[in-house]
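Asks: Let me give you the structure first, and then I'll get to my questions.
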Amino acid sequence: MENSSKKRIVLVTGATGGLGTAMCKKLLKEGFKVVGNYITPEKAEKWTKQMNAEGFHIDLFHGDVSTFEGAGKMIKEIESKVGAIDTLVNNAGITRDSRLVNMKPDDWYAVINTNLNSVFNCTKHVLDGMIERKFGRIINISSVNGQRGQFGQTNYSAAKAGMHGFTKSLAMEVAKYGVTVNTISPGYIGTDMVMAVPEKVLNQIVAQVPMGRLGGTHEVAHLVSFLASEETSFITGANYSINGGQHVY
Ligand code: CAA
């Protein structure tokens with residue numbers, strides 16, 4: 001029998017990145033209607049060609065989720081062209097690593113706006129509909145570095161820790177409407193973002209991971225599809241670590 005979750009519409013922000021791509025593929029395979037968000041047109045064009053070649057057909061929508069207006073305009077467009085969003089995966093994120101002594105105000109604000117304020121910007125535009133329809137899944141992609149801190153990431157760690165604070169509070173507010181809100185905190189996954197860390201530093205980090213390796217994007221995508229499913233209706237306000245044992249508590 002077909003699972004009713006298979007007809008749900010999922011929006012993945014930052015879809016063209018390493019984690020976003022894996023999530024889109026997995027959610028599509030699970031039968032969801034998947035729409036993705038992007039910011040860089042050239043990257044989106046290349047991505048769509050590659051995905052189509054692999055047999056994945058996903059509509060991409062342009063929008064700068066770091067602004068309230070950008071997120072709102074994009075979500076309105078998705079709702080009019082595709083339909084109401086049942087599941088929102090707040091995945092868009094950037095790094096601007098440096099020690100605070102060297103950090104420029106721009107590096108702080110860009111990371112807070114893209115990684116944390118985007119969560120408010122997108123959630124705010126889908127929440128009323130979810131409450132009305134008595135169903136919703138909000139999945140916030142945080143980081144192990146929001147849980148434990150990381151040298152050189154005051155901006156990123158603050159944003160990622162903030163995401164889970166948002167998750168916990170909103171989970172309480174919307175539980176009675178059938179809307180769940182959860183956080184996923186990946187460790188170091190083999191994405192371009194992580195591969196941009198200087199090799200020597202990355203080797204030191206991997207040496208601290210009991211599994212002795214980087215995570216796979218498909219491993220995080222699997223957890224996203226689990227939380228997006230109908231059956232996880234009693235899981236809310238949780239923070240799922242997926243880090244190969246790097247941070248246990
Ligand atoms: N702990 C303590 N001291 C450290 C340190 C650490 N982890 N790393 C560097 N230092 C020290 C150095 O030994 C050096 O000390 P001395 O001056 O006494 O020799 C000092 O700090 C300066 O080091 P650098 O010259 O390396 O400093 P920098 O300012 O040029 O670079 C950095 C700092 C940009 C933060 C660089 O260390 C770096 O890129 N680190 C990796 C940060 C990281 O893990 N980012 C994750 C990106 S991926 C991601 O975020 C995804 C996810 O969710 C996991």
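Asks: Using Cβ contacts closer than 10 Å as the measure, can you line up VAL179, VAL248, VAL65 from fewest to most?
Replies: On the way: VAL179 23, VAL248 7, VAL65 27.
The order, fewest Cβ neighbours first, is VAL248, VAL179, VAL65.
Asks: Which angle between 0 and 90 degrees, to the nearest 10, do you get for helix 118-133 versus the longest principal axis of the chain when only C-alpha atoms count?
Replies: Value to nearest ten degrees: 30.
Asks: Would you calculate a helix-derived [θ] at 222 nm for the chain, using -39,500 (n - 2.57) for each DSSP H run of n ≥ 4 and dividing by the full residue count, to the nearest 500? Walk me through the numbers before you get to the answer.
Replies: Numbers: 10 runs with 113 residues, N = 249.
After summing the helix terms and dividing by the residues of the chain, the value is -14000 deg cm²/dmol.
Asks: So which residue, out of LEU19, LEU170, LEU116, gets the largest mean-square fluctuation from a GNM of the chain using Cα contacts under 10 Å as springs?
Replies: Between LEU19, LEU170, LEU116, it is LEU170 that shows the largest mean-square fluctuation.
Asks: Now, a different point. Could you work out which residue, out of PRO198, PRO41, PRO186, moves most in a Gaussian network model of the chain, that is, has the largest mean-square fluctuation with Cα springs under 10 Å?
Replies: It is PRO198.
Asks: Another one. Taking θ = phi - 60°, what integer Hz values does the Karplus form 6.51 cos²θ - 1.76 cosθ + 1.60 yield along the range 239-249, in sequence order, with x for Gly and Pro?
Replies: Values, residue by residue: 10, 8, 7, 9, 9, x, x, 4, 9, 10, 7 Hz.
Asks: List the trypsin sites (Lys or Arg not before Pro) within the range 173-249 that fall in a DSSP loop (any state other than H, G, I, E or B) and whose Cβ has at most 15 other Cβ atoms within 10 Å.
Replies: For trypsin sites (Lys or Arg not before Pro) across the range 173-249 that sit outside H, G, I, E and B with at most 15 neighbouring Cβ atoms in 10 Å, the list reads ARG213.
Asks: Also: Towards the positive end of the charge dipole of the chain, with charges on Cβ (+1 Lys, Arg; -1 Asp, Glu), say which of LEU223, ILE131, ASN90 has the farthest Cα.
Replies: So the residue we want is LEU223.
Asks: Can you spot the aspartates and glutamates whose alpha carbon is less than 18 Å from LYS43's alpha carbon? Ignore those fewer than 8 places along the same chain.
Replies: The qualifying aspartates and glutamates are GLU54, ASP59, ASP64, ASP192.
Asks: What is the chain by shape, rounded, prolate or oblate, if you read a ≥ b ≥ c off the alpha carbon gyration tensor as root eigenvalues and call it rounded for a/c under 1.5, prolate for a/b larger than b/c, and oblate otherwise?
Replies: Since a/c stays below 1.5, the shape of the chain is classed as rounded.
Asks: Round to the nearest 10 and give me the degree value, 0 to 90, for the angle of helix 154-174's Cα axis relative to the longest principal axis of the chain.
Replies: Relative to the chain, helix 154-174 is tipped by roughly 30 degrees.
Asks: Identify which of ILE39, ILE85, ILE205 has the largest mean-square fluctuation in a Gaussian network model of the chain, with springs joining Cα atoms closer than 10 Å.
Replies: Among ILE39, ILE85, ILE205, the largest mean-square fluctuation in the Gaussian network model of the chain belongs to ILE205.
Asks: Rounding to the nearest 10 and keeping the result within 0 to 90°, find how far the Cα-based axis of helix 18-29 lies from the longest principal axis of the chain.
Replies: Helix 18-29 sits roughly 30 degrees off the main axis of the chain.
Asks: What list do you get for ARG137, ARG8, ARG148 if you sort them by fewest beta carbons within 10 Å?
Replies: Ranking ARG137, ARG8, ARG148 by Cβ neighbours within 10 Å, fewest first, gives ARG148, ARG8, ARG137.
Asks: From the gyration tensor of the Cα coordinates in the range 1-111, what semi-axes in whole Å does the equivalent ellipsoid have, largest first, with each one equal to sqrt(5λ)?
Replies: 28, 16, 13
Asks: Note down the magnitude of the dipole of the chain about its Cα centre, charges +1 on Lys and Arg C-beta and -1 on Asp and Glu C-beta and zero elsewhere, to the nearest 20 debye.
Replies: Rounded to the nearest 20 debye, it is 240 debye.
Every number in this text was worked out from the coordinates using simple rules, so none of it is lab data. All values derive from a computational prediction rather than experimental measurement. As a convention, Cβ positions derive from the backbone with ideal geometry for all residues, glycine included, and neighbour counts pool all protein chains shown.
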